[in-house]
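The values are calculated or read from the model by the stated rules, or taken from the named source; none is laboratory data. This structure is a prediction, so every number in the text was calculated from the model and none was measured. Note that we place each Cβ from the backbone using ideal geometry, even for glycine, and neighbour counts take in every protein chain shown. For the accessible areas, the whole protein counts, side chains as well, though only heavy atoms, and no ligand, DNA or RNA atoms are used. Shrake-Rupley method; radii C 1.70, N 1.55, O 1.52, S 1.80 Å.
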Amino acid sequence: MGGKTPHSALGDALTAEDVATYLRETPDFLQQHPDVVHHLIPPAENRGNGVADLQHFMLLKLRREVADLTAQREELIATARANINNQSRVHAAVLFLMDAQNFEHLIQTITTDLAVLLDLDLACLVVEQPEDSPLALHADRTGLQLAEAGAITRWLNKRDVVLRGNIQGMAEIYGPAAPIVRSEALVRLTIGPDAPVGLLAFGSRDADLFHPGQGTELLCFLARVVERCIRGWLAL
């Protein structure tokens, strides 16, 4: 009978020489299984006699890991700074809204100052104007857009906040400035039980500034402030 190979029987013990033989016959083993290197203890130095020093390989691996961690840290820091900056901008916007001297000044603040304070291209206020609405609004107020009943619900698809990128702005929302809008944030305004539905719209020429998946907490907070300011000036 012929001799058995090292793995011909279940009970055969795998020896260090078996492993060494396999590695000699499979020189690309570590390339195919680089995660194994993490569990190995390399020789302190190149001992000669064909013994390869794995320290250089492991050093490269560690450098790549450090580079990845550094990139992740920098991304987190950049995100945190952007969030803090956005929060500061919204706080400043709230103070401007509270300083409005009358309803016309409030509308002007929403449609002019908010865009500047939030570093956006456009900020618009849209209000549905049903024929039987007890609240009379006029489109000649600076920046105020009127829409037919049901339009805002149709645009938002029954949601309260919609973020969209790579779009073409709608004239019904942005008026003659619609062509420059490439991304937008739309937030529903619930002004009161006897008031028409409203919409706070922010537009940017940057197609990637707004997109689904972004946080909307600050936008919703700003919308709630706008609702309360409108209620106050209209005594609703």
**Item:** Accessible area, probe 1.4 Å, largest first, for residues Arg63, Arg24
**Value:** Arg24, Arg63
**Prompt:** How do Ile173, Ile180 rank by accessible surface area computed with a 1.4 Å probe, from largest to smallest?
**Reply:** Ile180, Ile173
**Item:** Per-residue ³J(HN,Hα) for region 81-89, Karplus 6.51 cos²θ - 1.76 cosθ + 1.60, θ = phi - 60°, Hz, x for Gly and Pro
**Value:** 5, 5, 5, 5, 5, 5, 5, 5, 5
**Fill in**
One point scatterer per Cα, no solvent, Debye formula: log10 I(q)/I(0) for region 58-205 at q = 0.09, 0.16 Å⁻¹ comes out as -0.38, -0.91
**Distant-in-sequence amide H partners of Leu189 (H built 1.01 Å from N, under 5 Å)** = Gly198, Leu199, Leu200
**Message:** Could you give each residue of region 217-226 its phi-based ³J(HN,Hα) in whole Hz, using Karplus coefficients 6.51, -1.76, 1.60 with θ = phi - 60°, and x for Gly or Pro?
**Reply:** 4, 5, 4, 5, 4, 4, 5, 5, 5, 4
**Item:** Probe 1.4 Å, all protein chains present, accessible-area order of Thr15, Thr26, largest first
**Value:** Thr15, Thr26
**Request:** Kindly provide the trypsin sites (Lys or Arg not before Pro) of region 206-236 that DSSP labels as loop, not H, G, I, E or B, and whose Cβ sees at most 15 other Cβ atoms within 10 Å.
**Result:** none
**Item:** In Å², nearest 10: area of Trp155 left accessible to a 1.4 Å probe
**Value:** 40 Å²
**Prompt:** Rounded to the nearest 0.05, what FRET efficiency is calculated for Ile167 and Thr26 with R0 set to 35 Å and r the Cβ-Cβ distance?
**Reply:** 0.05
**Message:** Once ligands and nucleic acids are excluded and a 1.4 Å probe is used, how much of Thr112 is accessible, expressed in Å² to the nearest 10?
**Reply:** 60 Å²
**Request:** Compute from the Cα atoms of region 139-194 the Rg and the Dmax, the latter being the longest Cα-Cα distance, and quote both in angstrom.
**Result:** 12.0, 36
**Item:** For Gln145, residues with placed amide H under 5 Å, excluding near neighbours
**Value:** Leu125, Val126, Val127
**Request:** Return the sequence-ordered ³J(HN,Hα) values of region 186-196 in whole Hz as given by the Karplus equation 6.51 cos²θ - 1.76 cosθ + 1.60 applied to θ = phi - 60°, using x for Gly and Pro.
**Result:** 10, 10, 5, 10, 9, 6, x, x, 9, 9, x
